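No lab work stands behind these numbers, since they all come straight from the coordinates. Just so it is clear, the structure is predicted and the values come from calculations on it, not from any experiment. Reconstructed Cβ throughout: ideal geometry from the backbone, glycine too, with neighbour counts over all protein chains shown.
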C-alpha cells in the first residue's frame, strides 16, 4: 500500500488543515473533494493508520487542526491511531467516522475518554461533516 | 449387621449398658447376700438363745427325774431290813413302780456283793442269782469305799444294753462305818435318752446328748457310741475331719463344769449350735447335758433368701439382657435411620448435582444464546458496515454530479474514476445482498444445488480473470506484486457450477486479500477413497499472512473474519456449499508462509 500525501498548496496556507484516514480509497476521494470544494479546508488523506501517524509525527504541533479517522482499518485501527496521537499531543482534536452501529457503551469500553459526539456515522452527509469540523475547530 | 452396629460410639453404649447391668446384678446379689446373712444371723442367735433356755430346762428336767430315784435309794438304804427281807421287798417293789418310767429296777446287794432282792422279781428267782458276785462292780465298790452315793457312767452289761447305775451305801444305823451293802437303781439309758429327747421342744429340732464328767458318752443319738470316750477312736471316726478340732475343743470346754453355747460350722456351711449344761447331783458335778440345734430355720431362711437372691439376680440379668437387646435394637434402628438419612442425603446431593448440571446446561444454553445474540449483533454490525461503506462513494459522486446540474448545465463531465467507483461499490452491495441471501438459504436449509456436468478448469480460469479484474479495479499496484499460478487441467465434475465458482472465487479473493505480495497457486488433484469413489481436491495456496491461530478453530463459522473488509460470511457460505455437495473443506498454515485452503468434492 502506498500513502497518498497531498502536497500543500501555498495559497491555502490559511485554511484549516484536516487529516482524513480511511482504508476505503473511494471514501477518501469523496471526502477530500467535497471538503476542499468549500475553500475552507485543506485536506490530507491517508489510507492507513501507519502512514497517518508517520505524517503526524513528521510535522510540528498544530500542523493538523482536526483529524478524522475511520475505525475499522487493517493493522492499525482508528483507536490505536487515536491513542498514539493523544500520547504525543493530548490536545489534538480527533473525530471518528465509522460505518458501524455505534452505541456509547461499546466505545467507552474501548476508549473511556472518547465522547460519543466525536463519532460520525457513514454514510456521511457532507454538510454534517463540515458543520462538525467547524465546531471542532471553534472549540 | 453386627459390624454395622458396632461403630465406636455404639460399642461404648453397649459396654455401658452391659456394665450397668452387671453392676446392678452384682450389687443386688451382694445386697441380697448381706440381707440373707443378717437374717440367718438373727435366726441363728434366736436358735442359740432358744437352745440355751431349752438345755437349761432339760437339765432341770433331768435332775427332776433323777432326784426321786436318788431320794428313793436314800430312803431304801436307810430302811432295808436284813431281818425282814420280804417286807423290805414290798417297799422296793413299790419304789420301782413309782419310778418305772425311768428305772429298770432296784437291787439290794449285801455287804458281800450278793443280791438280796430285786424289785418285782420274786424271791425264788432272786435265789437263783444268789451265787453271782457283784462285789467287784463299781456301783458296789465305790459306795463301799466312800460310804457315799454313786452315779455311774453308761455301762453295758452282758445283754449289750447300756445302763446307768445309781447306788447308795447301806450303813448301820448305829455305826455309820459299818457297811452292810448297797441299794442300786438301774436306768436304761435308752429310756432316759428317749425321755430327754421327748422333753425337748420340737422347734429346737435338735439332739440330746449326755456325757459324764470324764468324757464318756452316756447318751447320744447314735446308740453305738454310748459308753465310748469322746476322744476314743469310735467317736472320733464319726466326727467329720474338718470340724474335729473345734468340736473336740468345744467338748473339752464343756467338761469343765460350766454352761455354754457354741456354734459349729459343718460342712456345706450349715451351722449347729451346741449347748451344754453341767448337771449337778447332790452338789457334785456328774454329767454334762448337750443339746445340738442345727440352724435349720436359718439355713431355710438362707435358702429362701438365696433363692430370692438368685431370682432377683436372674431377673436383673434378664432385665439387663432385655435392655441390651433393646439397646441393640435401638442402635440398629438408629443405624438404619442413619443409613436411610444417608441415602436420602445422597439422593438430595444427586438431585442437587443434577440441578447444578441442569444449571450448567442452562448456563451453556444461555451462553450459546448470548453467543448467538453476539453473532446476531456482529452480523448487524457487519451488515451495517458493508451496506453503508459502499453507499457513501456512490452517493457522494452522484450528489457531486447532481450539484453541477444546479448551475443550469444540461451535461456534466464525468471522469472514469467516478464511474468505476460507482460500479465497484454497487457490485460490493450486490455481493453483500447475495451473501445475505445465501446465509438465509443455508440457515433455512433451503440451499438447492443445480448440478450439471462441467469442466472445473473453465471456472478456475474465469475466477482467475475475475479476481484480476477486481484487483485492477481496486488496487492496480497489487497486481504487479502478486502472481496467480495455475497449471491448466481438464477435470469434469458433476456439481452446481455457480456454487463451485462462488467457492473458488471466495477462496481466491481471500488469498488475494491477505497476500499483498507473493504468489497464489491453484491446483486440482484427482483421487479416490477406500470405497473406490473418485474425488476432486482443489487447493489454493498463498504466501500471505497465514491464518491467525486464534481463528483456525472457527475459521468456517460466520463472522470469523480477521480481515477489515468483507462480511466474514464467505468461508461459512463456502463450507455450506461444499458440505451440500457431500465434500469437505479445510485449511492449514504453510510451513514457510501463508496458508492453503482445500476443498474436496465427489467427482460425480
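Key figures for this structure:
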quantity: Between the stretch B:12-46 and the stretch B:81-128, the Cα center-to-center distance that results, in Å; calculated: 70 Å
quantity: For the stretch B:447-602, projected area of the alpha-carbon convex hull averaged over all directions, nm²; calculated: 9.4 nm²
quantity: Under the Debye formula (equal points on every Cα, no solvent term), log10 I(q)/I(0) of the protein assembly as shown at q = 0.06, 0.09 Å⁻¹; calculated: -0.66, -0.93
quantity: Label-to-label distance, nm, for residues given as residue B:262 and residue A:84 (7 Å Cα→Cβ offset); calculated: 13.6 nm
quantity: Relative contact order (%) - the stretch B:447-602, alpha-carbon pairs under 8 angstrom, separation at least six; calculated: 22 percent
quantity: Largest-first principal axis extents of the Cα set of the stretch B:351-459 (Å); calculated: 83, 45, 20
quantity: Three-way shape call for the stretch A:15-138 based on the alpha-carbon gyration tensor, with the a/c threshold at 1.5; calculated: rounded
quantity: Modelled FRET efficiency - R0 60 Å, residue B:188 with residue B:334, Cβ distances, 0.05 increments; calculated: 0.10
quantity: Cα principal axis extents for the stretch B:405-455, largest first, Å; calculated: 54, 30, 16
quantity: Helix B:296-405 vs. chain B, principal-axis angle (Cα, 0 to 90°, nearest 10); calculated: 10 degrees
quantity: Shape category assigned to chain B from the gyration tensor of Cα positions, a/c cut at 1.5; calculated: prolate
quantity: Per principal axis, descending, Cα span of the stretch B:128-219 in whole Å; calculated: 53, 30, 22
quantity: The stretch B:22-128: relative contact order in percent, alpha carbon pairs under 8 Å with at least 6 residues between; calculated: 15 percent
quantity: Label-point separation, residue A:128 to residue B:521 (7 Å along Cα→Cβ), nm; calculated: 5.0 nm
quantity: Rounded, prolate or oblate (a/c below 1.5 giving rounded, otherwise prolate when a/b exceeds b/c) for the stretch B:333-404 by Cα gyration tensor; calculated: prolate
quantity: Full-stretch length increase - residue B:451, residue B:548 - with 0.36 nm per residue and alpha-carbon distance subtracted; calculated: 31.5 nm
quantity: Estimated Rh, the stretch B:1-158: Kirkwood, alpha-carbon pairs, angstrom; calculated: 22.1 Å
quantity: Helical mean residue ellipticity (222 nm; -39500 (n - 2.57) per DSSP H run of 4+; nearest 500) of chain B; calculated: -19000 deg cm²/dmol
quantity: Rounded D (µm²/s) - the stretch B:277-369, Kirkwood Rh over Cα pairs, Stokes-Einstein at 25 °C, 0.890 mPa s; calculated: 113 µm²/s
quantity: FRET efficiency estimate (nearest 0.05) - Cβ-Cβ, residue A:121 to residue B:436, R0 22 angstrom; calculated: 0.60
quantity: Crossing angle, helix B:8-79 versus chain B [Cα axis fit, 0-90 degrees, rounded to tens]; calculated: 0 degrees
quantity: Peptides B:484-491, B:250-257, B:239-246, A:15-22 ordered by average Cβ neighbours within 10 Å, highest first; calculated: A:15-22, B:250-257, B:484-491, B:239-246
quantity: Length released on extending from residue B:312 to residue B:285, taking residue separation times 0.36 nm less the Cα-Cα span; calculated: 4.4 nm
quantity: Per-residue mean of C-beta atoms belonging to partner chains within 10 Å, peptide A:30-41; calculated: 2
quantity: Per residue convex hull volume, Cα atoms of the stretch B:34-126, in Å³; calculated: 127 Å³
quantity: Acute angle (nearest 10 degrees) that the helix B:416-443 long axis makes with the longest principal axis of chain B, alpha-carbon atoms; calculated: 30 degrees
quantity: For B:315, A:126, B:267, B:211, order by how many other beta-carbon atoms lie within 10 Å, fewest first; calculated: B:267, B:315, A:126, B:211
quantity: Average beta-carbon neighbours from other chains, 10 Å sphere, peptide A:122-129; calculated: 4
quantity: B:8, B:453 arranged by Cβ crowding within 10 Å, fewest neighbours leading; calculated: B:8, B:453
quantity: Full-stretch length increase - residue B:249, residue B:18 - with 0.36 nm per residue and alpha-carbon distance subtracted; calculated: 78.2 nm
quantity: Fewest-first sequence of B:399, B:15 by Cβ atoms within 10 Å of each Cβ; calculated: B:15, B:399
quantity: Using alpha carbons only: equivalent-ellipsoid semi-axes of the stretch B:211-272, gyration tensor based, whole Å; calculated: 19, 16, 10
quantity: Whole-Å distance, taken between Cα centres, linking the stretch B:429-459 and the stretch B:156-204; calculated: 161 Å
